[in-house]
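One structure is given here, and the rest of the page talks about it.
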Amino acid sequence: MSLSTTDLQGATGAKPDLAARTHALVTNFRWRKRRALAVPLVLLAYGIYIVFAFDLATVLGHAKPDHARVLLRDFWSYKTQVAYEARSDETVVAIEGERRGTYPADAPPEWVHRGTGQHTEIDLPGGAHVSYLADRVAKLAIPDFGLVTVSVEGRDVKLDLPPGRAMPEWISVSNTRVSVDQGDWRFSMTRNRTETFRYFPGWELFFFTLDSPFHGKSPGQLAALALWKDRVNPDMPNIQAMASDFWHNNMWHHSAVAWAMLETVLMAFLGTMGAGMIALPLAFLAATNFTPLNAIRLSLRRFFDFLRGVDGLIWTVILSRAFGPGPLTGSLAILMTDTGTFGKMFSEALENIDGKQVEGVNSTGANGLQRARFGVIPQLAPVILSQLLYYLESNTRSATVIGALVGGGIGLLLTQAIITQKDWEEVCYYVILIVLTVMAMDTISGWLRRRFIKG
Amino acid sequence: MSATDIQMTENYLAQTRRKRLYGGLILVIFVALMASGFTVADDRNAGGFFEGFHRILDFPKEILAEALTKWRNLPARLWAAVPALIETLNVAAVSTVVGGIGAMVLAVLSTRGLAPWPRLIPVFRRMMDVMRALPEIVTALVLIYLLGGGPVAGMLAITLHSFGALGKLFSEVAENSDLKPVEGLQSVGAGWFQRIWLGVIPQVAPNWSSYALLRFEINIRASAILGFVGAGGIGYDLKTALQWGTGRYDSVVAIFALLFATIVVVDTISDRARARLVRGGKLDEGRI
């Protein structure tokens with residue numbers, strides 16, 4: 001800044017100009033400052049409006065923290081249930097309370113000791129112990145608290161705390177139900193049922209179900225069985241038997257899940273590539289430099305806008321009516337929306353190509369098709385490929401959502417598992433699979449783009 | 001022609017032949033994949049492609065016919081769907097704003113040269129990858145279980161996704177920003193926040209806003225879809241109207257029309273705004 005104001009004032013007529021400019025500059029700054037302040041203020045006002053419009057206070061007040069607790073616990077752990085049914089006078093030990101995970105009556109897990117009749121002794125973590133006694137009496141020995149007795153008397157469930165103890169917050173009592181929640185185990189008694197749940201980390205029976213000979217073996221034992229031990233099933237080698245038991249695991253349904261995941265990827269692939277194949281020739285007709293006829297060009301552009309504007313949601317509704325639920329409907333819904341998107345993008349890419357290459361090819365006497373093949377496609381291919389790969393990746397994720405709407409692929413399994421409100425470990429399994437698949441698609445498409453387009 | 005020339009020509013022709021072979025092979029594999037994929041999808045679908053193809057227009061015809069006979073109801077039906085539409089737009093707007101702010105933070109935290117804790121860059125990147133890969137519908141359905149149905153679940157789900165999606169794009173932009181202003185600010189003793197706010201944000205603001213606008217378009221669609229699974233808004237209205245079936249098709253048509261119009265209008269406005277932001281005020285020539 002070597003110019004001082006006096007230098008500028010030396011020239012006649014410069015003074016008002018400078019003053020005006022300074023004024024303009026200062027005003028500009030002031031205006032910018034105001035704008036910088038206004039943006040957070042507008043956002044704040046909008047935020048306040050949203051708090052009322054969405055009734056955030058009520059929503060958060062109605063939130064169910066116990067649901068969150070159950071969900072988080074179920075994500076990474078499973079429970080084994082020891083249940084006594086008053087109606088059938090039977091005690092059943094079952095993983096997740098499912099029939100497929102039921103232990104045989106004469107071979108319960110080692111922490112459950114069966115007596116005669118109702119009598120059952122259950123060892124629990126942290127030195128706790130639950131006994132089911134005759135006549136619907138249960139005694140809970142809880143370390144650092146004492147002996148809690150719960151019993152059914154007539155129509156009511158009664159609770160006796162150790163003498164001198166106040167009601168702790170982990171016991172909840174009503175006339176018809178007493179429940180004790182200790183984090184890694186739970187107990188509850190109603191008129192019809194006495195139940196104890198013990199939680200274990202991990203996913204139950206993920207590899208082999210109880211009826212498989214490979215259940216409960218350590219990785220070392222499994223490796224030994226697979227490699228050199230005698231055949232468990234004389235019909236096939238152990239490793240094949242293991243693969244088959246895993247694949248047909250009837251609690252986790254690995255084969256069905258794998259198929260569903262494949263269906264989802266298939267939906268994305270068919271939808272994206274189909275859209276690309278339809279959009280490419282149409283894009284030539286919609287580009288200014290290839291179609292001099294305005295009517296065709298404009299109507300095609302509107303057609304693309306229409307396809308894009310009719311949301312994927314609307315397409316799924318319309319297409320489900322024609323094709324029924326399934327992966328084909330999903331891929332057609334993706335195809336519809338993306339034909340619009342690709343048509344627009346490809347025609348814009350066509351308009352941006354370098355005319356010199358086409359002229360060069362033209363000068364050798366090439367016809368229209370040859371001009372397109374050698375003058376246009378080489379310029380267009382990288383753009384098209386990179387868009388297709390990018391959309392393939394993002395559509396894998398969309399296909400999950402669309403699958404949930406049209407009833408196909410992993411999206412369907414996911415919604416079904418969430419609707420039961422108890423198979424959260426399956427939800428977790430599917431989510432991990434989806435995230436890994438999407439990330440894999442991302443990596444593959446990124447690698448392909450680098451490999452074929454830049455190098 | 002000299003010997004080297006002949007050699008070169010032959011090499012060139014051999015290379016072309018090889019390229020053609022590879023191209024042909026890739027084409028064959030691609031066609032095979034498409035054909036087998038189509039067959040599998042067709043087999044596993046409830047209705048086949050060829051039986052369903054001529055029925056595509058049946059449903060639109062049916063609802064349009066009903067809407068036409070009850071055309072007097074249409075303005076009322078359109079008006080009735082407006083509050084739900086506003087809810088859908090609000091969900092999209094809030095999740096774009098909150099998602100954008102979160103993404104700004106994540107982007108700065110995961111960009112080399114700007115990150116306050118360079119060692120944690122890979123951690124933030126992986127976090128964004130996971131948030132991006134997680135489909136909104138999963139988060140939304142879990143949140144509906146925790147919070148009950150309504151727009152808040154959808155909003156949180158879309159916000160979470162926007163963190164990851166925008167964060168990645170933002171950090172790509174920030175990566176390409178010029179670090180000289182940052183160094184200049186550092187030399188006059190500016191703190192970390194001042195360096196980012198005055199040195200980086202002005203450079204990246206146009207591109208970041210452009211990406212945020214694009215995300216807003218995407219989020220409107222997502223918010224409509226999440227409504228369909230119980231997260232409020234126009235999607236929920238559409239679902240109830242569809243469940244009623246015949247007799248409420250005028251509502252269905254009204255909702256379709258409103259959603260379509262909204263998407264087209266927002267897309268057009270945001271297209272122009274983005275063109276201005278990125279290309280400096282000029283819509284490119286030749287575009288209509």
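The values are calculated or read from the model by the stated rules, or taken from the named source; none is laboratory data. All values derive from a computational prediction rather than experimental measurement. Virtual Cβ from ideal backbone geometry, glycine too; neighbours counted across all protein chains shown.
Per-residue answers, yes or no, for (1) away from chain B (no Cβ under 14 Å); (2) closer than 30 Å to residue A:133 by Cβ; (3) part of a helix (DSSP H, G or I); (4) out of contact with any Leu (no Cβ under 7 Å at 6 or more places or on another chain):
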residue	(1), (2), (3), (4)
A:25	yes, no, yes, yes
A:42	no, no, yes, yes
A:70	no, yes, yes, yes
A:79	yes, yes, no, yes
A:84	yes, yes, no, yes
A:93	yes, yes, no, yes
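Of the helices (runs of 4 or more DSSP H) lying entirely inside region B:137-248, those containing at least 1 residues that are within 24 Å of residue B:78 (Cβ to Cβ) and of a type in the set (A, V, I, L, M, F, W, C) span B:201-226, B:234-244.
So which of A:373, A:397 is without any contact (Cβ under 8 Å) to a residue 12 or more places away in the chain and either charged (D, E, K, R) or not assigned by TED's automatic domain parsing to the domain that holds residue A:283 (or both)?
Values: A:397 fails: without any contact (Cβ under 8 Å) to a residue 12 or more places away in the chain.
Answer to the check: A:373.
Residues of region B:59-75 that are without any contact (Cβ under 8 Å) to a residue 60 or more places away in the chain and surrounded by 13 or more Cβ atoms within 10 Å (Cβ to Cβ): B:59, B:60.
If you go through region A:323-364 and keep only what is more than 8 Å from every other protein chain (Cβ to nearest Cβ) and hydroxyl-bearing (Ser, Thr, Tyr), you end up with A:337, A:339, A:341, A:347, A:363, A:364. The residue of region B:105-120 that is modelled with the lowest pLDDT, among those that are buried (at least 16 other Cβ atoms within 10 Å of the Cβ) and among the aliphatic types (A, V, I, L, M), is B:114. Filtering region B:1-26 to residues that are aliphatic (A, V, I, L, M) and either at pLDDT 90 or above or assigned to a helix (DSSP H, G or I) (or both) leaves B:3, B:6, B:8, B:13, B:14, B:21, B:25, B:26. Apart from one condition, residue B:29 fits all of (1) modelled with pLDDT of 85 or more; (2) surrounded by 13 or more Cβ atoms within 10 Å (Cβ to Cβ); the exception is (2).
Listed by first and then second residue, the pairs linking a residue in region A:314-337 that is free of Cβ contacts under 8 Å to residues at least 12 places away in the same chain and assigned to a helix (DSSP H, G or I) to a residue that is buried (at least 24 other Cβ atoms within 10 Å of the Cβ) and among the hydroxyl-bearing types (Ser, Thr, Tyr), with Cβ atoms under 9 Å apart and 6 or more places separating them unless they lie on different chains, are A:322/A:329; A:323/A:329.
Screening residue A:446 against (1) more than 9 Å from every other protein chain (Cβ to nearest Cβ); (2) surrounded by 15 or more Cβ atoms within 10 Å (Cβ to Cβ) leaves a single unmet condition, (2).
One residue stands out among those in region A:395-412 that are touching an Asp or Glu at 6+ places or on another chain (Cβ under 8 Å) and on the phi < 0 side of the Ramachandran plot: the one that is nearest to the other protein chains (Cβ to nearest Cβ), which is A:401.
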